[in-house]
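Asker: Before anything else, here's the structure in question.
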Amino acid sequence: MIAKTQYTMTPADLDILLALVRGGTLAKAGERLGADASTVFRALQRIERGLGRSLFERSRSGYLASELATQLAEHAEQMEATLEAARASVEAAPAQISGTVRISSTDTVLHALVAPALQTLKDSHPLLNFELHTGNELISLTRRDADIAVRATKRPPQHLVGRQIGPIRVALYAAKRGGVRDYADVEAGQVDWVAPDDALPEHPSVLWRKRYFPKASPRYRVGSILSVLELVALGLGVGILPLFLAEGRRDVVRLTEPLDEAETELWLLTHPESRHLRRLATVYAHLGEHLSLP
């Protein structure tokens with residue numbers, strides 16, 4: 001592929017490449033750009049002809065970015081961040097912060113901690129809107145898939161900035177009206193277990209159970225800690241739960257003291273290039289002040 005003339009890239013070209021790097025397919029890139037897949041395909045062909053080289057490796061699973069495409073996407077992200085900063089500088093009066101803030105967390109952290117904290121924010125900043133993503137994976141703040149992440153981890157990514165909210169203490173729980181009377185029943189192997197499934201293979205509660213009860217095979221495996229709580233409350237088995245989630249419930253009872261070896265940390269994270277934006281800084285500061293752990 002040979003460029004016929006000197007080609008000059010435009011901001012629109014960088015937007016297309018960034019969308020394709022982030023999306024991985026023509027369809028997903030089109031969704032990000034508000035265009036159809038064929039339009040993205042033609043635009044990519046035009047850019048590659050102009051540059052005289054291929055930027056992506058095509059496969060059945062999608063488009064894999066070359067080293068050059070990755071570098072160009074990084075420049076596009078810098079341009080995106082600069083544009084965000086410019087928009088922030090012309091926002092309305094300080095009291096009227098507006099816009100959308102995208103927050104990533106697990107469903108457990110969202111329902112028990114983040115949502116209650118956001119409830120106290122809506123009256124002081126009624127023009128703010130929120131997109132709340134839940135999942136066990138830490139989605140990329142670098143790609144702007146989210147603005148703020150609230151995550152349970154002992155090793156937050158080094159490229160992000162943040163603050164530790166506090167330790168997440170956990171203990172073993174059973175249903176208050178279930179058949180499990182105390183921890184001795186658990187030690188005797190007379191109980192069923194409820195535990196996270198293979199989506200959380202390295203969860204501290206999983207590692208603790210495998211260390212101290214290596215022969216215990218959970219009867220119920222679920223996709224979130226919130227689901228562990230609900231099944232334990234129904235009396236289906238015992239499970240390890242965060243104190244912040246279980247202590248307010250009247251239908252479960254704690255069987256142990258907090259398990260220090262299964263403890264992790266709650267972190268509030270954002271991208272260093274985003275934290276100066278007024279709407280993000282406002283929400284970040286509010287969460288840092290109002291997220292609390294027992």
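Asker: When ligands, DNA and RNA are left out and all protein chains stay put, how many square angstrom of accessible area per residue does the chain have with a 1.4 Å probe?
Answerer: 54
Asker: Still on this structure, please answer the following. Find the eigenvalues of the gyration tensor of the Cα atoms of the stretch 22-78, then list the square roots of 5 times those eigenvalues as equivalent ellipsoid semi-axes, largest first, in whole angstrom.
Answerer: Details: eigenvalues 54, 37, 31 Å².
Result for the stretch 22-78: semi-axes of 16, 14, 12 Å.
Asker: Just the number, please: percent antiparallel of the DSSP beta bridges in the chain, rounded to the nearest 5. Before the final figure, lay out each step's value.
Answerer: Details: 23 of 36 bridges.
Of the beta bridges lying entirely in the chain, close to 65 percent run antiparallel.
Asker: Another question, then. Kindly give Rg over Rh for the chain, based on alpha-carbon atoms, with the Kirkwood expression for the hydrodynamic radius.
Answerer: 1.08
Asker: Given the stretch 24-121, what whole percent of its Cα pairs are spread farther than 22 Å?
Answerer: Counting pairs separated by more than 22 Å, the tail of P(r) holds 54 percent.
Asker: Roughly what % of Cα-Cα distances in the stretch 201-285 sit above 19 Å, to the whole percent?
Answerer: Pairs farther apart than 19 Å: 52 percent.
Asker: Turning to a different aspect of this structure: Taking amide H atoms as placed 1.01 Å from N in the peptide plane, list the residues 5 or more away in sequence, or in a different chain, whose amide H sits under 5 Å from that of Arg102.
Answerer: Here Glu131, Asp147, Ile148 satisfy the definition.
Asker: Which cross-chain or sequence-distant (5 or more) residues have an amide H under 5 Å from the amide H of Trp193, H modelled 1.01 Å from N in plane?
Answerer: Result for Trp193 returns Arg219, Tyr220, Val238.
Asker: While we're looking at this one, here's another question. Mean residue ellipticity at 222 nm from the helices of the chain, using -39,500 (n - 2.57) per DSSP H segment of n ≥ 4 over the full residue count, to the nearest 500 deg cm²/dmol?
Answerer: So the helix-based figure for the chain works out to -10500 deg cm²/dmol.
Asker: What list of ³J(HN,Hα) couplings, whole Hz, do you get for the stretch 251-256 from phi and the Karplus terms 6.51, -1.76, 1.60, once you set θ to phi - 60° and write x for glycine and proline?
Answerer: Karplus values, whole Hz, x for Gly and Pro: 9, 10, 10, 7, 9, 9.
Asker: Write down the Å³ per residue value for the convex hull defined by the alpha carbon atoms of the stretch 185-237.
Answerer: 70
Asker: Here's something else I'd like to know. List, in order, the whole-Hz ³J(HN,Hα) value for each residue of the stretch 99-105 obtained from phi through the Karplus relation with A = 6.51, B = -1.76, C = 1.60 and θ = phi - 60°; use x for Gly and Pro.
Answerer: Those phi angles translate into x, 10, 10, 9, 10, 10, 7 Hz.
Asker: Sticking with this structure for a sec: Please list, or write none, the lysines whose alpha carbon is within less than 30 Å of the alpha carbon of Lys176, excluding same-chain residues fewer than 8 places away.
Answerer: The reachable lysines, counting only those whose Cα sits under 30 Å from Lys176, are Lys210, Lys215.
Asker: A follow-up question, please. Add +1 for every Lys or Arg and -1 for every Asp or Glu among the other residues with Cβ under 14 Å from the Cβ of Leu236, and state the total. Write out the running numbers ahead of the final one.
Answerer: Details: positive: Lys176, Arg177, Arg219, Arg221; negative: Asp192, Glu230, Asp251.
Charge balance near Leu236 sits at +1.
Asker: Given 10 °C and 1.306 mPa s, how large is the Stokes-Einstein diffusion coefficient of the stretch 146-294 in µm²/s, with Rh as the Kirkwood radius over Cα pairs? All intermediate terms of the calculation are to be shown ahead of the outcome.
Answerer: Working: Rh = 16.6 Å.
Estimated diffusion coefficient is 96 µm²/s.
Asker: So how do 241-248, 80-87 stack up, highest first, on mean other-Cβ count within 10 Å?
Answerer: Packing order, densest peptide first, comes out as 241-248, 80-87.
Asker: What part of the accessible area of the chain, given as a whole %, is carbon or sulfur when the probe is 1.4 angstrom?
Answerer: Carbon and sulfur atoms account for 50 percent of the accessible area of the chain.
Asker: Further question: Please list, in order along the stretch 288-294, the HN-Hα scalar couplings obtained from phi with the Karplus expression 6.51 cos²θ - 1.76 cosθ + 1.60 (θ = phi - 60°), rounded to whole Hz, x for Gly and Pro.
Answerer: x, 7, 9, 6, 9, 10, x
Asker: For the stretch 246-294, count all C-alpha to C-alpha pairs, find those more than 18 Å apart, and express that count as a whole percent of the total.
Answerer: 54
Asker: Kindly work out what percent of the DSSP beta bridges joining two residues of the stretch 1-133 are antiparallel, to the nearest 5.
Answerer: 40
The values are calculated or read from the model by the stated rules, or taken from the named source; none is laboratory data. Being a predicted model, the structure only gives us computed values, none of them experimental. No Cβ is skipped: glycine too gets one built from the backbone with ideal geometry, and neighbour counts run over all protein chains shown. We work out accessible area using only protein heavy atoms, side chains counted, and drop any ligands, DNA or RNA first. Shrake-Rupley method; radii C 1.70, N 1.55, O 1.52, S 1.80 Å.
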